[in-house]
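The values are calculated or read from the model by the stated rules, or taken from the named source; none is laboratory data. Treat the numbers as computed from the prediction; the structure is a model and nothing was measured. Quick reminder, even Gly has a Cβ in these numbers, built from the backbone with ideal geometry, and neighbours come from all protein chains shown.
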Amino acid sequence: MFQINQRFIPDFTKPLDLLVHCHENIERQLEALARAAEVRRVGDSLNTAQAFAAIDAACKHFAVAGIRHTADEEESLFPRLRKSETSAGDEALAAMSELESQHRTAEDMHRQFDEFVLSLPRDGSADTRELDSFGEMTAELAAFYRPHIFMENNLVFPIAGRILSDGEIHAQGEEMRERWKDILQKINATAANVSPLPG
């Protein structure tokens, strides 16, 4: 019910595709949170442990992979787009400023969400107010990410694919590979198991 990770070997020679894949991972984590919120809302005690396992996995994902994904964009992609002297680059520039602001908002939202999750009783005794708050915060995260991901997938990344040179794309991918190096080592060391996923 809550298993969302599937084995995936990242291809850093295609960094823009990998960023899209990271967004798909984010969406899966948000879907898992929504399912967990429903389980808690209806008082399904048999699946309480599974629900909290999914919640913990999502919190960890955003705290580790999510931060690296943001760095992939803000440190490896956006600076290269800002150096572009094209009209398309100007369009992306305006979007990037808004996206960076949204990244800071997301960090605040996740900080508040994580603090709230730590306060939730794990024995199924959460009251209606706590359950409603958890559901609302989960829905707010999903609503926040939806347009953010849409703007990056449908505006910024396609522009980057058109205006960045092969060399710039390669350099971006190598920076991302280095950023995810420890994850790659875990993937190589545990090839037969489900591995942590970029993004």
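In this structure, does ALA51 turn out to be farther than 23 Å from ALA171 by Cα, part of a helix (DSSP H, G or I), modelled with pLDDT under 95 and within 21 Å of the chain's Cα centre (by Cα)? The answer is yes for ALA51. Of the residues in region 184-196, at least one is touching a Phe, Trp or Tyr at 6+ places or on another chain (Cβ under 8 Å), buried (at least 18 other Cβ atoms within 10 Å of the Cβ) and modelled with pLDDT under 95.
Restricting attention to region 133-149, the residues being in contact (Cβ under 8 Å) with a residue 24 or more places away in the chain and under 21 Å from GLN50 (Cβ atoms) number 7.
Yes/no per residue for (1) in a helix (DSSP H, G or I); (2) over 22 Å from the mean Cα position of the chain (by Cα); (3) of a type in the set (Val, Ile, Thr):
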| residue | (1), (2), (3) |
| --- | --- |
| ALA71 | yes, no, no |
| SER76 | yes, no, no |
| GLY89 | yes, yes, no |
| ALA92 | yes, no, no |
| SER97 | yes, no, no |
| GLU100 | yes, no, no |
| GLU107 | yes, no, no |
| ARG111 | yes, no, no |
| GLY124 | no, yes, no |
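Scanning region 85-113 for residues that are surrounded by 15 or more Cβ atoms within 10 Å (Cβ to Cβ), within 30 Å of THR48 (Cβ to Cβ) and either out of contact with any Ser or Thr (no Cβ under 9 Å at 6 or more places or on another chain) or touching a residue at least 60 places away in the same chain (Cβ under 8 Å) (or both) turns up MET109, HIS110.
Return yes when PHE116 is more than 18 Å from HIS148 (Cα to Cα), touching a Leu at 6+ places or on another chain (Cβ under 9 Å), surrounded by 13 or more Cβ atoms within 10 Å (Cβ to Cβ) and in contact (Cβ under 8 Å) with a residue 12 or more places away in the chain and no when it is not.
Numbers: more than 18 Å from HIS148 (Cα to Cα): yes; touching a Leu at 6+ places or on another chain (Cβ under 9 Å): no; surrounded by 13 or more Cβ atoms within 10 Å (Cβ to Cβ): yes; in contact (Cβ under 8 Å) with a residue 12 or more places away in the chain: yes.
So PHE116 fails the test.
When GLU75 is tested against the conditions (1) of a type outside the set (Gly, Ala, Ser); (2) more than 18 Å from TYR145 (Cβ to Cβ); (3) without any contact (Cβ under 8 Å) to a residue 12 or more places away in the chain, the lone failure is (3).
If you filter region 119-130 down to residues that are of a type in the set (Ser, Thr, Tyr) and modelled with pLDDT of 85 or more, you find that the one that is surrounded by the fewest Cβ atoms within 10 Å (Cβ to Cβ) is THR128. Of the numbered criteria (1) hydrophobic (A, V, I, L, M, F, W, C); (2) surrounded by fewer than 21 Cβ atoms within 10 Å (Cβ to Cβ); (3) within 30 Å of GLY167 (Cα to Cα); (4) at pLDDT 95 or above, the one LEU77 fails is (2).
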